[in-house]
Structure formats: structure tokens, C-alpha cells
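So the structure is just underneath, and the comments pick up after that.
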Amino acid sequence: MNKTIIYSTILMLLASCGQNKEQKEMQTNDSTAEVCKFDIGKLEWTRQPKDFSISADTITITTAPGTDLWQRTYYHFRNDNAPVLQMETSDKFFSFVVKTDFSSSHHRFDQCGVVIYLDSENWLKGSIEYENERFQHLGSVVTNNGYSDWATTEIPADVKTMWYRLSRREDDFCIECSDDGKTFRQMRVCHLYAATDGIKFGIYACSPEESSFTAVFTEMVVTECQWKAHDGQQPDEDN
């Protein structure tokens with residue numbers, strides 16, 4: 001065989017190997033690598049809403065008045081009737097991303113977002129709650145052993161869409177939000193005492209007062225856990 005042909009063939013093989021290696025590295029380093037599809041066939045209602053629609057890429061929930069999730073703290077009432085749509089997993093490390101559109105929210109406390117609902121006394125949620133024509137509340141609620149807390153910050157009322165990323169590392173969780181679906185900001189790091197094994201996670205919407213609106217959920221995906229392991233102070237020996 002001609003030496004020139006042999007040399008050219010070797011160069012082509014080397015280049016191909018290099019490209020394959022580069023492609024593998026890109027796949028490995030892809031921070032949004034999909035672990036499993038947010039499978040609509042495996043979704044289950046904890047409570048069904050007033051109206052809803054489910055397709056491969058879009059879910060809508062129309063709320064009924066007087067629906068909410070809250071347990072005891074400060075208000076001293078217990079509300080446990082918000083529509084919750086979830087899928088179950090035993091995976092201890094993952095992230096769930098979803099885009100919410102709440103353009104039709106218009107009444108105080110109208111809300112929609114991400115949720116992990118284990119039972120009536122153990123759950124967490126992240127959402128935006130409508131307040132008035134000037135501002136609304138971006139926040140999260142974590143409920144352990146029947147007591148809720150609420151962490152919030154005020155944002156302009158003209159914000160009508162928001163992405164959320166909910167990440168699990170065993171029984172600890174991180175809720176993040178994003179204006180563009182690319183750059184996420186931390187909202188909350190928390191613990192759920194009851195999340196010792198399999199959990200359910202997904203979406204919810206509700207209208208605690210005399211209101212109703214339609215929340216739209218898109219771009220739902222489950223990825224490798226984007227909440228990386230802590231690289232600072234090491235755990236105490238008794239942990």
C-alpha cells in the first residue's frame with residue numbers, strides 16, 4: 001500500500017479518536033445531562049384541581065378558590081387541599097427543572113411552582129405568590145412534623161414566568177429559581193426528616209382566597225443532581 005495513503009489513514013483515525021474523546025468529555029461535563037424523562041405516564045394526583053390538561057410537553061392546572069398548603073405556624077390553621085401532581089422516585093441524587101407561567105394570576109396568594117409532598121405534615125414547595133399590582137412574593141415553605149415556615153422576598157408584579165430547579169441530596173434539598181432557565185439563584189437549602197427513602201416530587205398550584213387562575217408548566221426535565229457536594233468544612237465525626 002502507498003505510504004502516503006497509510007499515513008493519511010493513520011491521521012484520520014487519530015483525529016476520529018480525538019473527536020470521540022472530546023464528545024465523551026462534553027457529554028460527561030454537560031451540567032444538564034438528562035437522567036430520566038419527567039414521565040407524564042407516571043404522574044399521580046394527590047388531589048385533582050378544578051380543571052387540568054396534560055400533554056407530553058405542557059401541563060395546565062386551573063385552581064379552585066380556597067385551595068392551599070399550610071400547617072399551623074403563626075396562622076394557627078391547617079390547609080391541605082391544594083392540587084399536587086407528582087411522580088415517585090427512589091433516586092437519592094437528582095434535580096428537577098420546570099418552567100412556570102402564571103400570567104393569569106390576579107388575586108392575593110395565587111401561586112404555582114415545585115413541590116415535594118410526602119404527607120399532610122411533611123412537604124416543601126417553592127413558588128411565586130401574587131400579592132398586588134406592585135409586588136409579589138418569591139418564596140418557599142418547608143413543613144416538618146406538622147409545622148410550616150415561609151421564607152420570601154418581594155419581586156415586581158410584572159414577573160409572569162419563572163423556572164425552578166429542585167435538587168435532592170439524600171434527605172436534604174435545594175430550591176433554586178431562574179429568570180431565563182439558564183442561570184439559577186439559590187432560594188433555600190433545607191431538610192425533610194421524613195424523606196428517608198423514596199419520595200414524590202412535581203408541581204402544584206392553588207388559590208387560597210376567592211380566586212381561580214390557570215398555571216402553565218413546561219420544559220420539565222429530571223437531570224443529574226446539579227447541587228454539588230459541599231467542598232468546605234468537613235462533617236463532624238458524630239454525623
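With a threshold of 18 Å on the Cα-Cα distance, the over-threshold entries among Lys42/Lys200; Lys125/Lys228; Lys42/Lys182 are Lys125/Lys228; Lys42/Lys182.
When a/c reaches 1.5 or more, the comparison of a/b and b/c decides; with that in mind, is segment 102-177 rounded, prolate or oblate per its Cα gyration tensor? Judged from the Cα gyration tensor, segment 102-177 comes out prolate (a/c at least 1.5, a/b above b/c).
Database remark: amide H of Val84 closer than 5 angstrom to the amide H of Thr46, Arg47 (H placed geometrically; neighbours at sequence offset of 5 or more, or on other chains; Pro and chain starts carry no H). Which of rounded, prolate, oblate describes segment 38-112, given a ≥ b ≥ c as roots of the alpha-carbon gyration tensor eigenvalues and a/c under 1.5 marking rounded, otherwise prolate only if a/b is larger than b/c? Because a/c hits 1.5 or more and a/b fails to exceed b/c, segment 38-112 counts as oblate.
Among the trypsin sites (Lys or Arg not before Pro) in segment 169-239, those placed in a DSSP loop whose Cβ has at most 16 other Cβ atoms within 10 Å are Lys182, Lys228. Per the Kirkwood formula applied to alpha carbons, segment 78-206 shows a radius of gyration over Rh ratio, Rg over Rh, of 0.95. What the pair-distance distribution of segment 131-239 shows, using all Cα-Cα distances binned every 10 Å from zero, is 10, 38, 36, 12, 3, 0 percent.
Based on protein heavy atoms only, segment 124-201 ends up with 45 Å² per residue of surface accessible to a 1.4 Å probe.
The values are calculated or read from the model by the stated rules, or taken from the named source; none is laboratory data. Note that the structure is predicted; figures quoted are calculated from it, not measured. Note that each Cβ is placed from the backbone with ideal geometry, even for glycine, and that neighbours are counted across all protein chains shown. Just the protein is used for accessible areas: all its heavy atoms, side chains included, with ligands, DNA and RNA removed. Shrake-Rupley method; radii C 1.70, N 1.55, O 1.52, S 1.80 Å.
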